[in-house]
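Heads up, the thing below is written out as structure tokens.
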Amino acid sequence: MESAELIYLDEASFSDSELPGLLRRIREHGRRAGLRLRRIERTDRGRSSRELLESLLPEGLLQAVLYRSMEQLSLPFEESLKRDLNPLEQVFDYTVYAWNREAASVMRSLGAKRLTYPIELKLPELMRWKEEMDGLSLRTELLVYGHLPMMVSANCLQKTACQCRRGAPLRFLKDRTGREMPVRMYCKYCYNEIYNPDSFWCGDLKEELSKLRADSLRFDFSAESAEDCEAILRGRPPLRYTRGRLRSGVE
């Protein structure tokens, strides 16, 4: 995709030693490099997000950090990180809830420079939400494609079913209807993420997307093959997909 401007690396999917080289390759290809932090913080597994950032920031490879949990929002205030994080684009994911102007104001005070559109709101509500973000001078990012998480678990499916096999990152669970739910094993921090069997997709809703006026669109890959990633980036919709809450919202 020639217009891809920023590429986030999911840091939980790569070893700490691999990350600098991968970030450098993104920069060499003329793209901005970002780091998508882990879904949950586990103090009993691996280095903390703070320790990871402390090791990467001095190398000057990062232009953006995507925060995905409330625990991570203290990082911009850590004295050891504050100076290096401040110039970066600090993006807050949809899991760091900012449903309205008041919540978004709090997120801005915590260092947010860009917020992700909530995935629980209907299209008309998202349009009003965008107007409120414009009033706060916050940039916005809209999820266009991705498997939405149904559960994050520290009880490993692989280990429970047979035995721990680090390096086998993807398995599937069948629900009562026979549909297969992808399960991503994040062995680096010993947790699993169980996804909706149907991926979220709104890339074909061009008229609706134009009304939302997002500053950037995000494709969120987690359980796809390289071929599937390329096809989706070229505009081919997934075989099975859901619109999430765009039509119905939540009460």
(request) Note down the net charge around SER13, summing +1 for each Lys or Arg and -1 for each Asp or Glu among other residues with Cβ under 10 Å from its Cβ. (result) +1
(request) Taking the Cα centre of the chain as origin, sum charge times position over the Cβ atoms of Lys and Arg (+1) and Asp and Glu (-1), and report the length of that vector in debye to the nearest 20. (result) 460
(request) For an R0 of 45 angstrom, estimate the FRET efficiency from the Cβ-Cβ distance between GLU180 and VAL106 and round to the nearest 0.05. (result) 0.70
(request) Using only alpha carbon pairs under 8 Å that are at least six residues apart, calculate the relative contact order of the chain and give it in whole percent. (result) 17
(message) Which of rounded, prolate or oblate describes the chain when judged by the alpha-carbon gyration tensor and an a/c cut-off of 1.5?
(response) rounded
(request) Provide PHE200, PHE219, PHE172 in ascending order of the number of other Cβ atoms located within 10 Å of each residue's Cβ, fewest first. (result) PHE172, PHE219, PHE200
(request) Please report ASP93, ASP198, ASP215 as a ranked list, fewest other C-beta atoms within 10 angstrom at the top and most at the bottom. (result) ASP215, ASP198, ASP93
(message) Can you give the local net charge around LEU143? Use residues other than it whose beta-carbon is closer than 11 angstrom to its beta-carbon, Lys and Arg +1, Asp and Glu -1.
(response) -2
(message) At 0.36 nm per residue, and after removing the present C-alpha to C-alpha distance, how many nm does the segment from TYR97 to ARG243 gain when stretched out fully?
(response) 50.6 nm
(request) First select every other residue whose beta carbon is under 10 angstrom from the beta carbon of ARG179; then total the charges, Lys and Arg +1, Asp and Glu -1. (result) 0
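None of the figures in this text is laboratory data; all of them are computed from the coordinates on show. If you're wondering where the values come from, they're calculated on a predicted model, not measured in any experiment. Positions of Cβ are generated from backbone atoms using ideal geometry, with glycine treated the same way; all protein chains shown enter the neighbour counts.
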